[in-house]
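This report concerns only the one structure given below.
The values are calculated or read from the model by the stated rules, or taken from the named source; none is laboratory data. Here the structure is a predicted model, which means the values were calculated and not measured. When we count neighbours, we look across all protein chains shown, and the Cβ atoms used for this are built from the backbone with ideal geometry, even at glycine. These area figures cover heavy atoms from the full protein model, side chains too; ligands, DNA and RNA do not enter into them. Shrake-Rupley method; radii C 1.70, N 1.55, O 1.52, S 1.80 Å.
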Amino acid sequence: MARISEVIDEKHLGKLDDLTVVGIDIGSRSGKGVLLTGDSIHTAITSTGFRTQDTAKAVLQKLLDVSGVPQDSIVYIVGTGYGRISLEFKDLPAQVLTEISCHAMGAHYLNAQTRTIVDIGGQDSKAIKVDTKSGKVLEFVMNDKCAAGTGRFLEKAALLLDLNLTELGDAALAADKPSAISSQCVVFSESEVVSLRARGERRENIAAGIHNATALRVRNLLNRIGLEPDIVFTGGVSNNVGMRKALEELLKVRISDVKLDTTYAGALGAAVYAQRYYREDRSAEAAAL
């Protein structure tokens, strides 16, 4: 649990109220949740299961457990992410919204000057341009046709090096001469990794080369919309220190530090929208009287 006043950009504090709302972001690898209530923000995460509805229920239950908030205190819930289409919350007012909109709004509330977002998830990567006044999406591009430049590619590469994803990022920081991985296809990139290991390349150098190759693919996305600071890194890969370093060095720009794990940026944006939708519904009801 954290204080909203300690996490949210101070420019936005007056835009949130005491409403108890939930945002749930169901990604291809994990389900994330954010619960806002009073001045408290609670987070929860779990692996995405075969049924996304079950994953959403598990996230919601974790949020209720950690916050101590009864479910009937929740006034609105917004679902987003890879599995949003199948989400249903029969006992709660709810909507679904694209993860692109929610990541933009979440990053906007963490840093009011956010202009560009790099979002790297398990199945895709995105470059998003954000309106600093509203937090809405101005433009975006997505790589969802190939595993290259995604968390899934990094996971496969880590396995080839007998590492987990966290160890892969740490290993990259210890490189003295990053390996050159030139292929733009994930299948051939994996073959390059196998060949490099067979030639006796240091594992740390291969790890750095993997991150550099991924960063290059992300830069190609950013080139299509234009890169403007401040830049925020979101998604499941955002905690990978090797990936952050590779992006900063390649883009020649510092990624902004924020006060919440940006794995939860989409869920936070969904929670912000939940408050807005609730107020809009109440205003519509009042106007109809």
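Results, tabulated for the structure shown:
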{"read-out": "By accessible area with a 1.4 Å probe, ligands and nucleic acids excluded, highest first: order of PHE140, PHE50, PHE233", "value": "PHE50, PHE140, PHE233"}
{"read-out": "Inter-label distance for ASP18 and ALA2, nm, one decimal - labels placed 7 Å from Cα along Cα-to-Cβ", "value": "2.4"}
{"read-out": "Cα gyration tensor shape of the stretch 209-263, rounded if a/c is under 1.5, else prolate or oblate by comparing a/b with b/c", "value": "oblate"}
{"read-out": "Angle between the chain longest axis and helix 99-110 axis [Cα atoms, degrees, rounded to 10]", "value": "80"}
{"read-out": "Probe 1.4 Å, accessible area per residue of the stretch 231-289, Å²", "value": "45"}
{"read-out": "Extension gain, LEU159 back to LYS136 (0.36 nm per residue minus Cα-Cα distance, nm)", "value": "4.5 nm"}
{"read-out": "Considering only the chain, percent of DSSP beta bridges that pair antiparallel, nearest 5", "value": "70"}
{"read-out": "Mean ellipticity per residue at 222 nm, deg cm²/dmol - from DSSP H runs of n ≥ 4 across the chain, formula -39500 (n - 2.57)", "value": "-13500 deg cm²/dmol"}
{"read-out": "For LEU16, residues with placed amide H under 5 Å, excluding near neighbours", "value": "none"}
{"read-out": "Local net charge near LYS259, Cβ-Cβ under 13 Å (Lys/Arg +1, Asp/Glu -1)", "value": "-4"}
{"read-out": "Under 19 Å from LYS259, Cα to Cα: lysines that are on another chain or at least 8 residues apart", "value": "LYS11, LYS15, LYS32, LYS245"}
{"read-out": "Label-point separation, GLN53 to GLU10 (7 Å along Cα→Cβ), nm", "value": "4.6"}
{"read-out": "Proximal charge balance of ILE100 [Cβ under 9 Å; K/R count +1, D/E count -1]", "value": "-1"}
{"read-out": "ARG254/ALA288 FRET efficiency (R0 35 Å; Cβ-Cβ; nearest 0.05)", "value": "0.10"}
{"read-out": "Extended-chain gain in nm, criterion 0.36 nm per residue less alpha-carbon gap, ILE85 and VAL241", "value": "53.0 nm"}
{"read-out": "Cα extents of the stretch 14-67 along the three principal axes, largest first (Å)", "value": "39, 21, 13"}
{"read-out": "Three-way shape label, the stretch 1-105, alpha-carbon gyration tensor, a/c 1.5", "value": "prolate"}
{"read-out": "Cα-projected label distance for GLN71 with THR98, points at 7 Å along beta-carbon direction, nm", "value": "3.1"}
{"read-out": "The stretch 1-136 - accessible surface per residue (Å², probe 1.4 Å)", "value": "41"}
{"read-out": "Whole-percent carbon and sulfur share, accessible surface of the chain, 1.4 Å", "value": "49"}
{"read-out": "C-alpha long axis of helix 203-225 to longest principal axis of the chain, angle in °", "value": "50"}
